[in-house]
Each structure stands twice: as C-alpha cells, then as structure tokens.
Amino acid sequence: MRVVIVGCGKVGKAIIDSMAEDKHDIIAIDNNSKVIEDITNTYDVMAVCGSATSREMLLTARVPKADLFIAVTESDEVNMLSCFLARRMGAKHTVARIRETEYNEDGLDYIIKELDLSMALNPERLTAETLFDQLKLPSAVSVEYFAGKKLQMMELIIKEGSLLQNASLMDIRKKCNVQFIACAVQRDEEVIIPTGAFVLEEGDRVAFMVKRGDTHRFLKSVGAVQKQGRDVIILGGSTTSYYLAKILASNGFYVKIIERDEQRCEELAEILPAGATLINGDGMNHDLLWEEGIKSTDAFVALTGTDEENILISFYATSQEVPKVIAKVNHSELAELAEKLGLDSVVTPRKLVADVLTRYARALKNTLSSKVETMYSLMDERAEALEFMVLSDCKLIGVQLKDMKLKPNFIIAGIIRGKETIIPTGDDEIREGDSVIVVATDAHLYDLSDVLR
C-alpha cells in the first residue's frame, strides 16, 4: 500500500518507523533538507524536500496514486490544506493532525466533513485519554480496550510479595473466581506467550485479558487491587495537561496543575472547569511539591516538555510513596531506560499516534476472511494485540480452539459474539461475525487466518 507522510518530526518519524515495519511503500515529505537526509539514511523509503501545499511537490510524491496520505507537520493549517489538496488529486484516504484547541473544541466534525478527511488526529487529547484510563485503574501500568470496551487488557508488574509471585497460571486460575487469560509475559528482554504451566516471577510484566465488568473482582482475587484515588497532581501546563485536567475534573477528580509560566497559568485558569487548581511555581522544587501535598496525593503525572525532567521528578514522586506515578516520555530509548530503572507507568505520545495509524492502514487492507478493527502495541512494542472481525471466508470458522494448529507465539485471547463476551477455552469456536482478539509476538498480522501454521 502506498503511504505518503508529510512532516518528519518526532511523530512523523514514529509513523514512518511503524509503517516501514509493515512494509508499506512509503514516501516522506518535509521542507527541511537535513531531516530528509536523515530519513533516507535511516529508512528504505523515498523522501522529497519541499512544501506539501505545492501541487508540483504533491505530484512529485505521487500523491494521486496514494492509498493513504498522512499530514503531521507542526501546523494544523498546513496539515488540513495538504490533505484537502491530496484528496482532490486522488488520494484515497487522508489523515490530518489537528492540535489547536480552537479547532478541537467546536466544529471538528464540520472540518472533517468539509475537507473530506478520513480521520483527524490530536496526539495531546489521545495521550490525555490514555492517561485517564491508567488513573482510573491504578493497579495497571497500561490499559487497553477491545470490542467497544467489553474486553479489557491490563498490564501488571509482579511485585515482591505478590500473590502472583512464584505461582503458575494454572494454579492462579484454580484460585481465581474470575475468568481471565494471561496473553503475554515480558521477562527481561524476552516476550513469551505463556502456557498454563508458566510460573510468574518478580519483575515480570504480564498482560491479562478479562471482561470489563470483572476487572476489579479479578484484581482483588489476585491481590493486585489498588484503590482509585481522587487527588491528582499534574506537573506542567501543556496542552495534554489541559485535556487531562478537563477529563479528570468532569469525572469528579480534584486536580492541581503546577506550571512555572505565570501567563500559561492564567490562560489555563480561565478555561479549565471547577475542580482544577493552578499553581504558579517550579515543580522541580521539592519544597513546593511538599507544600502542595505530594505526600498525600493519590497520583502524580509528569507532563513537562522535557523527558529528563519527567523521569527524574517521577522517581522523586515514587520515593515519596505516591500510589500512582506516570511520566510522559517522547523518546522511546529514554522510556525503555526509565522502565528498566523501575518506573512502572510511562506514556509515549508518538507511539500512541503510530499505533492508531498502523491500525488504520491495516484495516484498509481488508481481506475476504477478516478485517482489523483494533490494534495495540504491548510490552515495549515487542508484541501486538489485534481485534479482527471474522468474515465469510475465514478458515477458522467452526473450528474449536483446541483443534486449531496455531503458529508459535500466537494466542486467541477473546471472542465477542453479539452481546456475549467470551474468555475462550479450548472448547470454544469462532463464527462468522465474531470479533476475535489475537495476541502475537514478532509478527505483523493483516489476516486472522495467518495465525494458522
């Protein structure tokens, strides 16, 4: 599939990296020659330097033949205009990054309709929604939903003294009064699709699939439940902070935002609802954090524009025994290092955007047997969880799971059949119209039938 990507900054590079792994025919556009040189030296893609609002440049980039055109420059206006031109020139699908709150608060649906956009992406809002999911379920280091939130996948880290430590999955199932599947385990650098005999160890990162309504009963039965707090401190007054504070306040949370820029504090104070308090000060100052109650807060979220600051202050918050600490880290190498050093919850916005667009690109390559509905990267991008809609020609229809000859490192983790949500056993089968969740390591799935040997 031909994919044109406009804007090769942090987000653009993450998209190129993800799309290149899926072996799409990629053409990158950026108006900075050094960025273009870096892209061509790093990836096996075509790259052109120039303005994406120039008809000649779009023709050079073969936009009329593009299956997917993605504009993620720093300018919303350039993104919207280039998508509009690309669509008029023949691009089949267009996606624009639209970040400004004035576009997102009112009239976004109108913009999408009038510009004939396939999708509008707001990385800051997407990040805020992800952060909110984690704050709602503080026991988990990440939370993902499938099938309209009927199934929930959460990643837990096995702590010292946990009921899960040194227990086999088979024994856990016997003691647990809730159906679940352990989909994947990350141990050091290895990601494993576990069997029932697999024994969990301290430090393991485990992805569990449960029915959404069973989440708290499951966590309680395995001794991993953590009370949801209502007091949250956010460090940094970024756009992501604005969206997160707005979501939290509207859901009954009490929020403090610490921002060192006085003018930004005043701006946020005017537009945020009751329940959000602005503190003008340096959040890296430990005395200020003590004054604002870091010892008694339920959660701390570091959202400054500097990865290193977010990581360091998050470790400090952890040392103060804040129950839930989350850091926004843009650079994947730093995010991985922070997790290795013991920071449980790290969110990387560019990865979230890349996941959304990779999922969308795969969905465009529907087959007669299945189509991708949802996709998430797991375990530091070493595994994937995909939701497929089962279509008429799928080879798996009518076959019980115990009789399927699956490739190594694949597991069927959930089935949704109408209003019925199934945590599957070997006796379950797949039917036409089902939504099926598959977890895989070291694979890039486009078709559900690809799980078979």
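The values are calculated or read from the model by the stated rules, or taken from the named source; none is laboratory data. Note that the coordinates shown come from a computational prediction; the quantities given were computed from them, not determined experimentally. Neighbour counts are summed over all protein chains in view; Cβ atoms, including those assigned to glycine, are modelled from backbone coordinates with ideal geometry. In case anyone asks, the SASA skips ligands and DNA or RNA and just uses the protein heavy atoms, side chains included. Shrake-Rupley method; radii C 1.70, N 1.55, O 1.52, S 1.80 Å.
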*Each residue of the range 398-407 in turn: what ³J(HN,Hα) in whole Hz from Karplus with 6.51, -1.76, 1.60 and θ = phi - 60°, glycine and Pro shown as x?*
x, 9, 5, 4, 5, 9, 7, 9, 7, 5
*Report the extension gain between residue 422 and residue 363 in nm, rounded to one decimal, defined as 0.36 nm multiplied by the number of residues separating them, less their alpha carbon distance.*
18.9 nm
*Report the calculated FRET efficiency for residue 230 and residue 291 (r = Cβ-Cβ distance, R0 = 22 Å), to the nearest 0.05.*
0.65
_Listed peptides 272-279, 327-334 by packing density, highest first (mean Cβ within 10 Å)_ = 327-334, 272-279
*asked:* I'd like to know which of 388, 226, 45 lies farthest towards the positive end of the charge dipole of the chain, counting +1 on Cβ of Lys and Arg and -1 on Cβ of Asp and Glu.
replied: 388
*Any idea which of 84, 236, 191 is furthest toward the positive side of the dipole for the chain, if Lys and Arg beta-carbons carry +1 and Asp and Glu beta-carbons -1?*
191
*For residue 46 and residue 251, what does the FRET efficiency come to when R0 = 56 Å and r is the distance between their Cβ atoms, rounded to the nearest 0.05?*
0.80
*Would you pull out the residues with amide H under 5 Å of residue 399's amide H, same chain only if 5 or more places away, H placed 1.01 Å from N?*
430
_Around residue 32, under 14 Å between beta carbons, what's the net of Lys plus Arg minus Asp minus Glu among the other residues?_
-1
*asked:* To the nearest 20 Debye, how big is the dipole of the range 23-112 about its Cα centre, given +1 on the beta carbon of each Lys and Arg and -1 on that of each Asp and Glu?
replied: 560 debye
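May I ask which of 174/211; 136/227; 65/371; 149/246 have a Cα-Cα span longer than 20 Å here?
65/371; 149/246
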_Starting from the 7 Å offset along Cα-to-Cβ, what nm value, one decimal, do you get for the label separation of residue 452 and residue 173?_
2.4 nm
*To one decimal place, what Kirkwood hydrodynamic radius in Å is obtained for the range 346-453 from all pairs of distinct Cα atoms?*
14.2 Å
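Ignoring ligands, DNA and RNA, what percent of the 1.4 Å accessible area of the range 106-259 is carbon and sulfur?
On the way: 3120 of 6520 Å².
For the range 106-259, the apolar C and S fraction of the accessible surface comes to 48 percent.
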*Label-to-label distance, nm, for residues given as residue 402 and residue 432 (7 Å Cα→Cβ offset)*: 2.7 nm
*Hey, can you grab everything whose amide H is under 5 Å from the amide H of residue 447? Only 5+ residues off in sequence or another chain; H modelled, so Pro and N-termini drop out.*
none
*Using label points projected 7 Å from each Cα along Cα→Cβ, tell me how many nm separate residue 319 and residue 101, to one decimal.*
3.3 nm
*Treat the range 68-122 as a sphere of radius equal to its Kirkwood radius over Cα pairs and apply Stokes-Einstein at 20 °C in a medium of 1.002 mPa s; give the translational diffusion coefficient in µm²/s, rounded to a whole number.*
199 µm²/s
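Express the carbon and sulfur contribution to the solvent-accessible surface of the range 261-411 as a percent, rounded to the nearest whole number, probe 1.4 angstrom.
On the way: 3310 of 6840 Å².
C and S atoms contribute 48 percent here.
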*Per-residue HN-Hα couplings for the range 95-102, Karplus 6.51 cos²θ - 1.76 cosθ + 1.60 at θ = phi - 60°, whole Hz, x for Gly and Pro?*
10, 10, 7, 10, 9, 4, 5, 5
*Would you please give the residues with an amide H less than 5 Å from that of residue 137, counting only those at least 5 places away or on a separate chain, with H modeled from the backbone geometry?*
none
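Accessible area per residue for the chain in Å², computed with a 1.4 Å probe and the full protein assembly in place, what is it?
44 Å²
Using only the C-alpha atoms of the chain, find the volume of their convex hull and express it per residue in Å³.
Enclosed volume per residue, from the Cα hull, is 150 Å³.
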_Between residue 202 and residue 262, what's the calculated FRET efficiency when r is the beta-carbon distance and R0 is 56 Å? Round to 0.05._
0.75
*For the range 1-38 and the range 243-312, compute the distance between their C-alpha centroids and round to whole Å.*
34 Å
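Using a 1.4 angstrom probe on the protein heavy atoms only, line up 30, 344 by accessible area, largest first.
344, 30
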_Shape call, the range 1-66: gyration tensor on alpha carbons, a/c limit 1.5_ = oblate
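Quickly rank 8-19, 150-161 as a protection proxy: mean count of other C-beta atoms within 10 Å, highest first.
Values: 8-19: 22.0, 150-161: 18.9.
Top to bottom by mean Cβ count within 10 Å: 8-19, 150-161.
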*Rounded to whole Å, sorted largest first: equivalent-ellipsoid semi-axes of the range 238-363, Cα gyration tensor*: 25, 20, 13
*asked:* Among 9, 170, 247, which residue has its Cα furthest toward the positive end of the charge dipole of the chain, with +1 on Lys/Arg Cβ and -1 on Asp/Glu Cβ?
replied: 170
*asked:* Counting only other residues whose beta carbon sits under 11 Å from that of residue 404, what net charge do I get with K and R as +1, D and E as -1?
replied: +2
*Can you pull the semi-axes for the range 317-363, root of five times each eigenvalue of the Cα gyration tensor, sorted largest first, whole Å?*
27, 11, 7
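What size of dipole, in debye to the nearest 20, comes out for the chain about its Cα centre when the only charges are +1 on Lys and Arg C-beta atoms and -1 on Asp and Glu C-beta atoms? Provide the component values of the computation, followed by the final result.
Numbers: 53 positive and 71 negative charges, 351 e Å.
Computed about the Cα centre, the dipole is about 1680 debye.
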